[in-house]
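Nothing in this text is a laboratory measurement; each read-out follows from the coordinates by a stated rule. All values reported here derive from a predicted model rather than from experimental measurement. All Cβ positions, even for glycine, are placed from backbone atoms using ideal geometry, and neighbour counts span all protein chains on display.
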Amino acid sequence: MYTPYLYGGITKFGIDCSAFIKKIFSFYKIDLPRISHYQAKKGFFVTTNKIKIGDLLFFSTGITNKKIINHVGMVINVSYKNIFFIHASASNGVVISQLYEKYWNNKYLMARRILYLEK
């Protein structure tokens, strides 16, 4: 938590969103691409009402093209009121945010499931 954001960064001294997600999954011996746009091509599409812990959320935070994926976070909690995700935020570093906050909800594009765990 609170590791500073650094575009292209891959260490605890500075990391960007896709490197952060790549590091999490590499801990479990799962290799993901380095860039969020390519990470969004992995796994399976998940509808918003089926999102679970561990799913990846993809966003377009750009001003000019609102369909290009350039941000990713991982779901850490799902409640009936909100979906919480951890990510490397350009403004605050590694933090937990809520999908239904106005900013993130307006930037949200899709969710993908890399892992499928039976319960």
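What is the magnitude of the charge dipole of region 10-113 about its Cα centre, with +1 placed on the Cβ of each Lys and Arg, -1 on the Cβ of each Asp and Glu, and no other charges, expressed in debye to the nearest 20?
Dipole magnitude for region 10-113 comes out near 240 debye.
Could you work out which residue, out of Asn49, Asn106, Asn82, moves most in a Gaussian network model of the chain, that is, has the largest mean-square fluctuation with Cα springs under 10 Å?
Most flexible of the set in this elastic network: Asn49.
Among Phe44, Phe27, Phe85, which one moves the most in a GNM of the chain with springs linking Cα atoms closer than 10 Å?
The residue with the greatest mean-square fluctuation here is Phe27.
Students often get this wrong, so try it: which of (i) 17.4; (ii) 13.8; (iii) 14.2 is Kirkwood radius over Cα pairs in Å as calculated from the structure shown?
(iii)
Rounded to the nearest 500, what is the 222 nm mean residue ellipticity of the chain from helices alone, with -39500 (n - 2.57) per DSSP H run of 4+ residues and division by all residues?
-4500 deg cm²/dmol
Can you pick out the pairs among Lys22/Lys107; Lys22/Lys52; Lys29/Lys81 whose Cα atoms lie more than 28 Å from each other?
Lys29/Lys81
Which whole-Hz ³J(HN,Hα) couplings does region 67-76 yield from phi under the Karplus relation 6.51 cos²θ - 1.76 cosθ + 1.60, θ = phi - 60°, glycine and proline marked x?
Taking θ as phi minus 60°, the curve returns 10, 8, 6, 9, 8, 9, x, 10, 5, 10 Hz for region 67-76.
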